[in-house]
Amino acid sequence: MSKYNKLVFLVSGIIFFLVRITGDMLLYSLDMSKGDTAFYWYFITTAAIFISFGIYFFRDINQNKDYLSDSSGDAFLNSTYQTFVLSLIGVLLVIFFSFKDTSALFRRSYVGLILSDLFFIYTVIVTIINFQFTYKWLWARRHRLTKFYLFMIGLLILIILANEIAIMVLSKDYQGFLQNVSTVVFVIIGLLSFLVNKKTSWIAYLPRTQKTKFFWILMLNIIIVIKLLLETGNDTSLVFESFRIVYPLTLSLLAISFLIYGVYLFRIFMSLLAAMPSSVIVERKSSELSSLTYLNKVIAESANNDRKALFDTVTNLALQASSAYGAWTEIYADDRTEVSSCVNVNPESIENLHNIYKIDRYLMSLTQPLLFESVREVKEFEPLLKLLPQVKSMIIVPLYTSTRREGTLVIFDSEDFAMEQDDLNILTAFGDNVRIALENSRLVRESVEKERYRNEMMLARTMQKKLLPQVIPQLENYSISAFSIPAMEVGGDYYDVVRLKNGNYCYLIGDVSGKGISAAFYMSQLKGVVLSKAEESDSAMELLCKINSILYKNMESQMFITMSAVSVNDSAGNISIARAGHMPFIYKSDGIAVNIVPKGIGIGLTGEIIFNENIEQKDLFLKIGDSLILYTDGLNEMRNSDGVEFGFDKLKNKIELLTTNDAIEFIDEIKSTVNNFAGDYKHHDDMTMLILMKH
């Protein structure tokens with residue numbers, strides 16, 4: 001039902017009440033306030049008002065359960081305040097109308113008539129609200145027999161109402177018996193109200209402040225309810241004289257509502273009294289549990305790697321769980337002690353304590369959580385009392401990861417012997433959980449670093465690939481192809497194609513000593529030198545000499561580069577080769593593969609004079625079907641899982657067995673053979689090959 005439809009019943013109840021007042025005044029003015037007509041008038045209007053307000057307050061009560069979402073008891077306390085105010089108004093009315101003059105005026109005038117009707121509507125509203133309050137909270141914490149008990153209570157209420165009508169209708173001979181029946185039924189209703197309210201364990205989990213509020217409001221409420229229960233039986237001063245034939249019904253309902261409401265509050269009050277002595281322990285354990293739960297959540301979310309936030313959380317949660325006065329967390333890095341987080345203590349005082357008295361060294365010597373009930377009794381902490389006089393008792397919790405001591409968590413109190421073994425137990429558990437969080441943080445940090453490094457290496461690899469020829473120029477009557485595979489993301493192997501000063505194409509292959517970043521750096525430097533010196537060189541040997549003259553001055557002493565160069569002089573097959581300490585050329589002719597090793601030493605090993613004196617250039621003629629293969633040592637030194645090298649012989653044999661006249665197919669066959677030999681074993685050196693085949 002919508003709130004607008006509910007308002008219809010509220011408006012109807014107000015209208016019925018106004019009609020009731022008007023009719024009562026009319027009957028009183030006509031001196032018809034007694035008799036059958038008045039009885040039926042009072043009965044019908046009373047029923048209409050009860051039904052209208054009852055539907056307004058009870059409609060959709062089981063659908064609206066927002067009050068159940070509050071586990072702190074605030075919703076229940078607010079409802080109790082509401083009924084307390086209404087009960088208090090009732091007590092004030094009783095006190096007001098108990099005065100003799102007021103009572104006389106109340107019973108014999110129009111003013112008394114209006115006041116009596118106002119008291120009547122008060123009884124209606126309070127009765128319904130009392131029933132609503134108890135029903136709502138009993139139903140919210142219902143158990144297996146709740147429906148049965150509520151049904152029985154409702155049935156007994158009908159019996160009491162019927163009994164009250166019988167008392168009014170029957171002769172005085174039966175009234176005493178019927179009143180005794182009402183008393184028995186009242187007692188049974190009270191007993192059932194006590195039994196229906198069984199689920200009160202939620203009170204034990206309320207905070208101490210809430211329990212204290214509950215204690216006082218419930219005690220005052222119970223006193224007021226008892227007062228009203230006693231007064232509802234004595235209605236002579238509260239009821240307009242002409243209404244006595246109907247008011248017993250409304251007063252009985254009011255008394256029943258206060259009885260059920262009062263018993264409900266009394267049962268909760270008794271549970272509250274039982275829970276009060278242990279409230280400190282329960283709250284402590286609840287705080288510990290919530291702190292550990294939240295810490296575990298922080299651990300699960302520690303992938304953000306915000307260590308400062310993590311230490312702040314740990315410090316505050318440890319303080320909350322132990323109910324101590326203050327705490328700080330210090331971390332150790334690079335032989336330094338840094339105060340990462342602190343509560344109720346000056347970080348500068350802690351730093352001075354470490355800098356002047358080296359207390360951090362003593363803290364670092366503690367390898368497990370320890371409780372110091374009185375700091376003044378520990379010799380090592382004597383300087384601490386000078387700079388931190390508020391630290392009287394403390395617990396030290398070392399913080400570790402799997403690899404190192406990260407820091408120390410210090411929790412302290414401003415009183416001696418204020419911290420106990422329970423505090424040490426919970427903070428030891430804290431230390432174990434923090435270890436997980438720190439380990440997560442370390443692993444995430446390393447993972448981020450590795451990922452960043454990998455991304456940088458992939459970027460470097462992409463850039464290095466762009467330094468290699470994207471397309472190898474194909475010359476007339478030749479088939480040329482190459483490949484290069486670095487052992488890491490980047491490598492030091494190199495091949496290139498340049499045009500010399502005389503217009504001939506020169507094919508180069510090189511190998512920088514070492515692997516990885518340093519080799520890749522010199523490889524990129526080599527690329528620039530080759531491009532700049534090719535335009536000044538007329539032969540392969542001259543180009544190698546010029547490269548050495550530049551790089552020798554710019555390379556570290558332990559670094560060098562081996563290179564081979566091939567100059568294609570014409571389309572007929574005349575080529576020139578030169579070598580700077582590189583692997584032998586493999587020359588295949590008529591199916592036979594032989595090594596050709598021109599003189600030469602590595603680039604960067606000697607100055608230009610010695611280098612130029614020890615290099616030679618050889619001229620070759622390639623006839624159709626002949627091939628010249630240039631490669632780096634990573635190819636022949638490839639190993640398999642048994643540690644066996646691929647070797648020169650296998651490489652030469654494979655070259656001799658290949659019959660293809662296409663350089664690309666030749667390269668693919670070589671790569672396939674080497675990969676099959678290695679299997680899953682990762683190659684440890686860069687591999688590069690270039691083939692020049694005559695058609």
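The values are calculated or read from the model by the stated rules, or taken from the named source; none is laboratory data. Predicted, not measured: the structure shown is a model, and the values here were computed from it. When we count neighbours, we look across all protein chains shown, and the Cβ atoms used for this are built from the backbone with ideal geometry, even at glycine. These area figures cover heavy atoms from the full protein model, side chains too; ligands, DNA and RNA do not enter into them. Shrake-Rupley method; radii C 1.70, N 1.55, O 1.52, S 1.80 Å.
For Ala487, the test of being touching a residue at least 24 places away in the same chain (Cβ under 8 Å), surrounded by fewer than 17 Cβ atoms within 10 Å (Cβ to Cβ) and outside any strand (DSSP E or B) is failed.
The set of residues in segment 1-52 being open to solvent by 80 Å² or more (accessible area, probe 1.4 Å) and touching a helix residue (DSSP H, G or I) at 6+ places or on another chain (Cβ under 7 Å) consists of Phe16, Lys34. Does Glu669 qualify as being of a type in the set (D, E, K, R) and closer than 17 Å to Ala482 by Cβ? Yes.
Inspect segment 294-311 for any residue being assigned to a helix (DSSP H, G or I) and at pLDDT 80 or above and give the result as yes or no.
Yes, segment 294-311 contains at least one residue that is assigned to a helix (DSSP H, G or I) and at pLDDT 80 or above.
The set of residues in segment 131-152 that are in contact with a Ser or Thr (Cβ under 6 Å, 6 or more places away or on another chain) and open to solvent by less than 30 Å² (accessible area, probe 1.4 Å) contains only Phe133. Condition check for Tyr332 on (1) open to solvent by 10 Å² or more (accessible area, probe 1.4 Å); (2) in contact (Cβ under 8 Å) with a residue 24 or more places away in the chain; (3) not in a strand (DSSP E or B): one failure, at (3).
Residues in segment 407-422 that are surrounded by fewer than 23 Cβ atoms within 10 Å (Cβ to Cβ) and either assigned to a helix (DSSP H, G or I) or in contact with a Leu (Cβ under 7 Å, 6 or more places away or on another chain) (or both): Thr408, Gln421, Asp422.
Examine segment 547-569 for a residue that is in a helix (DSSP H, G or I), touching a residue at least 60 places away in the same chain (Cβ under 8 Å), hydrophobic (A, V, I, L, M, F, W, C) and surrounded by 14 or more Cβ atoms within 10 Å (Cβ to Cβ), and state whether such a residue exists. Within segment 547-569 (the criterion being in a helix (DSSP H, G or I), touching a residue at least 60 places away in the same chain (Cβ under 8 Å), hydrophobic (A, V, I, L, M, F, W, C) and surrounded by 14 or more Cβ atoms within 10 Å (Cβ to Cβ)), the answer is no, since none of the residues qualifies. Per the conditions (1) over 20 Å from Glu415 (Cβ atoms); (2) outside any loop (DSSP other than H, G, I, E, B), the sole criterion not satisfied by Thr367 is (2).
Does Gln525 qualify as being surrounded by fewer than 15 Cβ atoms within 10 Å (Cβ to Cβ), of a type in the set (S, T, N, Q) and under 24 Å from Asp685 (Cα atoms)? Taking the combined requirement at face value, the residue does not satisfy it. Contact map, segment 136-152: residues that are in a loop (DSSP other than H, G, I, E, B) and modelled with pLDDT of 80 or more paired with residues that are buried (at least 19 other Cβ atoms within 10 Å of the Cβ) and not hydroxyl-bearing (Ser, Thr, Tyr), Cβ distance under 8 Å, separation 6+ or inter-chain. Pairs shown: Leu145/Val196.
Listed by position, the strands (runs of 3 or more DSSP E) contained in segment 595-695 that have at least 2 residues being at negative phi and open to solvent by 80 Å² or more (accessible area, probe 1.4 Å) are 617-621.
Restricting to segment 513-537, count the residues that are at pLDDT 85 or above and in contact with a Gly (Cβ under 7 Å, 6 or more places away or on another chain). Selection size over segment 513-537: 1.
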